[in-house]
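Below you'll find the structure, written out as structure tokens, and then a few comments.
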Amino acid sequence: MRAHAWGEPHIAITRAAVEALPAPSRAAWGDELDRIAAGHCTLPDRVYGDADAARFAAMPGRPGVTYIRGLHVPDPQPECHEVLRCFLGRAVDALAEGRTADAARWAGTLVHALEDWSCPAHSVPDDNMFTRFKQFMPPPPDYRFVPLHSPVEKGSFAVDIRGHEPRLLGLSADEAAFHLLHRANLGILAARARVIPILVALYAHDTNAVIAAQRPAAETGARLAADALHTIACLATKRIPPGAEDGFRTADLAPRIPLESVALAVPQEAFFSRPHWGHATPGVALQGGTNEVPLALRIDDGGSPAVRTFATGIGTGTRCSMTFPVPPGVYRSFEAWAGLHATLGTNGSVVFEVLGDGRSLARVGPVAGTNAARRIAAEIGGVTNLQLVTTSGGGDGYGNHAVWADPRLVK
Ligand SMILES: [Zn+2]
């Protein structure tokens, strides 16, 4: 499937990204920065008939594949992660070795993918041409036979991310790819939120409204591209801002989207029925399955157990599994508090288990609703998939408001 997202807008988006870079990052890229914006950012769209372009949009893990679909539409998370690791890593290595022209081409492929993934026209899973979407949202007669991909993404709009300060995404290419994967996922979700506004505007022939609906997605793409180009420059020149190490000592797993969320949405098969019909939710527990309650656990750290509220964590039920791709070798351990919600879970009983690539790394419980929460720490050295599993410890399950509080990867 050919999917030429954005087309000309790739250049506008990448130019906005390039202009946002701080002076030291611009200096690291030198003259190549202009070439990334003016040409390399469309490199994966030119792989047929341009052998040089094809070389820089190829992946060692996909030998013989000229047109890599995952550089244009978001594949499942593990494939996206592989794309980010591959092109970010190659760009960092080439730039560090002084092969700046090569680095710029690898980086062009990377920003192309980030921009395509966050493009609304590419954000509807398995419906790049909107043939199914049209069934849900029947078009007026003049759009009846028009494939909607191109109208959804085409437009001449200015991309402006002034004020955006590009962020370092990690202290190594692998760590940066891990954080970039989460950011890209959020970009895909943001793009999906633009699809209906764009179609409503298109159907109404309101060009200004189409552009207004497209622009936020393009700006998301530009911010992703800016952060990627900045990170490559920082890592290649070993220019790590003071204090950055502290910020990267741990990584919060709670906001990340687990692999069970196929195409970034929770399928019905992943729902649990205890303590209520639903699925895991970051940041809150759900009383009755709908009313949000702050995450709270009974914590015993030496004194008498006290209820502590957590700003980050996951409220879930039992028979729930969440699998997160993690970069092997970057983090030493996984740590969290695991227990029953201090007020909703007093009648519950839950077993908490952490698995790495299918192997049990830590298991606690059954934890009863009246017990203090347990501290979990598991060594995760070479693990690529970290799985958090909750199962019932007995009883009717209606009190099984399980909480993974402050779940972190720790270096
Ligand atoms: Zn593309």
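The values are calculated or read from the model by the stated rules, or taken from the named source; none is laboratory data. Note that the structure is predicted; figures quoted are calculated from it, not measured. A quick note on method: Cβ atoms are made from the backbone with ideal geometry, for glycine too, and the neighbour counts reach across all protein chains shown.
Flag set for Gly221, criterion: touching a residue at least 24 places away in the same chain (Cβ under 8 Å), surrounded by 20 or more Cβ atoms within 10 Å (Cβ to Cβ) and closer than 15 Å to Leu114 by Cα. Residue under question is Arg194, and the condition is that it be farther than 30 Å from Gly89 by Cα and in a helix (DSSP H, G or I); does it hold? Yes; evaluated as a whole, the condition is true for this residue. Of all the listed residues (Ile240, Ile257), the sole one being part of a loop (DSSP other than H, G, I, E, B) and outside the structural domain of His81 (by TED's automatic domain parsing) is Ile257.
Restricting attention to segment 299-310, the residues that are without any contact (Cβ under 8 Å) to a residue 40 or more places away in the chain, more than 18 Å from Thr370 (Cβ to Cβ) and of a type outside the set (Val, Ile, Thr) total 1.
Pick from segment 26-36 the residues that are surrounded by 23 or more Cβ atoms within 10 Å (Cβ to Cβ) and more than 16 Å from the ligand (Cβ to nearest atom): which of them is nearest to Arg239 (Cα to Cα)? Going through the qualifying residues, I end up with Ala28.
Per this entry, Ala176 is counted among residues that are surrounded by 22 or more Cβ atoms within 10 Å (Cβ to Cβ) and either away from the ligand (no atom under 16 Å from the Cβ) or under 30 Å from Arg90 (Cα atoms) (or both). Considering only segment 50-64, state which residues are over 23 Å from the mean Cα position of the chain (by Cα) and either under 22 Å from Pro9 (Cα atoms) or within 15 Å of the ligand (Cβ to nearest atom) (or both). Passing the criteria: Asp50, Ala53, Ala54, Phe56. Sort out which residues of segment 96-116 are under 18 Å from Leu168 (Cβ atoms) and surrounded by 24 or more Cβ atoms within 10 Å (Cβ to Cβ), and write them in order of number. If the condition is that a residue be under 18 Å from Leu168 (Cβ atoms) and surrounded by 24 or more Cβ atoms within 10 Å (Cβ to Cβ), then Ala103, Ala107, Leu110, Val111, Leu114 are the ones that fit. Just wondering, is there one or more residues in segment 72-92 that are surrounded by fewer than 21 Cβ atoms within 10 Å (Cβ to Cβ), more than 16 Å from the ligand (Cβ to nearest atom), more than 25 Å from the chain's Cα centre (by Cα) and outside any helix (DSSP H, G or I)? Checked segment 72-92: no residue is surrounded by fewer than 21 Cβ atoms within 10 Å (Cβ to Cβ), more than 16 Å from the ligand (Cβ to nearest atom), more than 25 Å from the chain's Cα centre (by Cα) and outside any helix (DSSP H, G or I). In the set Glu175, Glu269, Glu245, only one residue is without any contact (Cβ under 8 Å) to a residue 60 or more places away in the chain, assigned to a helix (DSSP H, G or I) and under 30 Å from Met322 (Cβ atoms); that residue is Glu269. In segment 109-131, the residues that are in a helix (DSSP H, G or I) reach residues that are among the basic types (Lys, Arg) and more than 10 Å from the ligand (Cβ to nearest atom) with C-beta atoms within less than 6 angstrom, at least six apart or across chains, in these pairs: Pro120/Arg194. Among residues of segment 117-152 being charged (D, E, K, R) and closer than 23 Å to Gln77 by Cβ, the one that is surrounded by the most Cβ atoms within 10 Å (Cβ to Cβ) is Asp127. Taking segment 306-317 as the range and being among the polar types (S, T, N, Q), closer than 19 Å to Arg256 by Cβ and part of a strand (DSSP E or B) as the test, only Thr316 passes. Screening Leu189 on (1) hydrophobic (A, V, I, L, M, F, W, C); (2) within 30 Å of Thr250 (Cα to Cα); (3) surrounded by 16 or more Cβ atoms within 10 Å (Cβ to Cβ); (4) more than 16 Å from the ligand (Cβ to nearest atom) shows it passes everything except condition (3).
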